[in-house]
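Participant: Okay, here's the structure, questions in a sec.
The values are calculated or read from the model by the stated rules, or taken from the named source; none is laboratory data. Not measured: the values here are computed from a predicted model. Using ideal geometry, Cβ is built from the backbone for each residue, glycine included, and neighbour counts are taken over all protein chains shown. The protein model used for the area step is the full one, side chains on, heavy atoms only, and it has no ligands, DNA or RNA in it. Shrake-Rupley method; radii C 1.70, N 1.55, O 1.52, S 1.80 Å.
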Amino acid sequence: SQTIHQWPATLVQPVGSPLSLECTVEGTSNPNLYWYRQAAGRGLQLLFYSVGIGQISSEVPQNLSASRPQDRQFILSSKKLLLSDSGFYLCAWKGYTTGETQYFGPGTRLLVL
Amino acid sequence: AQTVTQSQPEMSVQEAETVTLSCTYDTSESDYYLFWYKQPPSRQMILVIRQEAYKQQNATENRFSVNFQKAAKSFSLKISDSQLGDAAMYFCALVQYNNNDMRFGAGTRLTVKP
């Protein structure tokens, strides 16, 4: 069966510091991978998606970037965090066996102070 | 452009009773998929049920069923025999076929009263 991991679970960072959030998927090959952000009390906003190694599509201009160094690894980064980067970050995947259904990881709570 | 609207910010239901959560959407495509996700206090998004737009039959998963009205662009979720564990935020979502841009509604917070 497939599983998706995210770490860290919680992160508190000062403004201006760098960021690296990691997402890995097990039990599948060549998945599409996604990064979403959820502000408090809001729905999800798609930030980035990737259909393969090194292939990144950005949905919104922002202070963040994404990379996919390996087939089942997706990383969300920032060189300098802003207060507005605080939120809940969710990674998701879909594959040949899931059709259009995306399955989500446990998420990372990021607080920028 | 595609949009998803959930007009009920909060709903409550008595344990063992039935509740319906509303969702309307807009898309210009004919081939798309609709989902309901549940987000409990842990905040992990859990798939509840999905509906392919080309299927006329409403999807059902145990106590969860949908009322899919394609012409009206409506996709409501019915929870029967509500349980305390059903308390969560529920999100309606839409994605076009072979597309990576899944759109979510703002969510409905469901409270289950014992």
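Participant: Can you go through B:88, B:93 and tell me which one is under 15 Å from residue B:105 (Cβ atoms), under 13 Å from the mean Cα position of the chain (by Cα), touching a residue at least 60 places away in the same chain (Cβ under 8 Å) and crowded, with 20+ Cβ neighbours inside 10 Å?
Facilitator: On inspection, the qualifying residue turns out to be B:93.
Participant: So for the stretch A:76-91 (the condition being within 13 Å of another protein chain (Cβ to nearest Cβ), open to solvent by 10 Å² or more (accessible area, probe 1.4 Å) and small (Gly, Ala, Ser)), does at least one residue qualify?
Facilitator: Of the residues in the stretch A:76-91, the ones within 13 Å of another protein chain (Cβ to nearest Cβ) are A:87-91.
Still in the list and also open to solvent by 10 Å² or more (accessible area, probe 1.4 Å): A:87.
Subset that is small (Gly, Ala, Ser): A:87.
The answer is yes; a qualifying residue exists.
Participant: Select, from B:3, B:24, the only residue that is under 28 Å from residue A:40 (Cα atoms) and either basic (Lys, Arg) or free of Cβ contacts under 8 Å to residues at least 60 places away in the same chain (or both).
Facilitator: B:24
Participant: Take the residues in the stretch A:104-113 that are more than 7 Å from every other protein chain (Cβ to nearest Cβ) and open to solvent by 40 Å² or more (accessible area, probe 1.4 Å); name whichever of them is nearest to residue B:99 (Cα to Cα). Give the steps one after another, and end with the answer.
Facilitator: As a first pass, look at the stretch A:104-113 and keep what is more than 7 Å from every other protein chain (Cβ to nearest Cβ): A:105, A:108-113.
After this cut, where a residue has to be open to solvent by 40 Å² or more (accessible area, probe 1.4 Å) as well, the list is A:109, A:111, A:113.
Numbers: A:109: 27, A:111: 31, A:113: 36 Å.
Checked the stretch A:104-113; the qualifying residue nearest to residue B:99 (Cα to Cα) is A:109.
Participant: Listed residues A:29, A:67; which is more than 11 Å from every other protein chain (Cβ to nearest Cβ), open to solvent by 40 Å² or more (accessible area, probe 1.4 Å) and part of a strand (DSSP E or B)? Break it down stepwise before answering.
Facilitator: On the way: A:29 fails: part of a strand (DSSP E or B).
Residue meeting the stated conditions: A:67.
Participant: (1) over 21 Å from residue B:101 (Cβ atoms); (2) under 14 Å from the mean Cα position of the chain (by Cα): which one isn't true of residue A:27, the others all being true?
Facilitator: For residue A:27, the exception is condition (2).
Participant: Check B:47, B:77 and return the single one that is more than 10 Å from chain A (Cβ to nearest Cβ) and assigned to a strand (DSSP E or B). Lay out the reasoning, then the answer.
Facilitator: On the way: B:47 fails: more than 10 Å from chain A (Cβ to nearest Cβ).
From the options B:47, B:77, the qualifying one is B:77.
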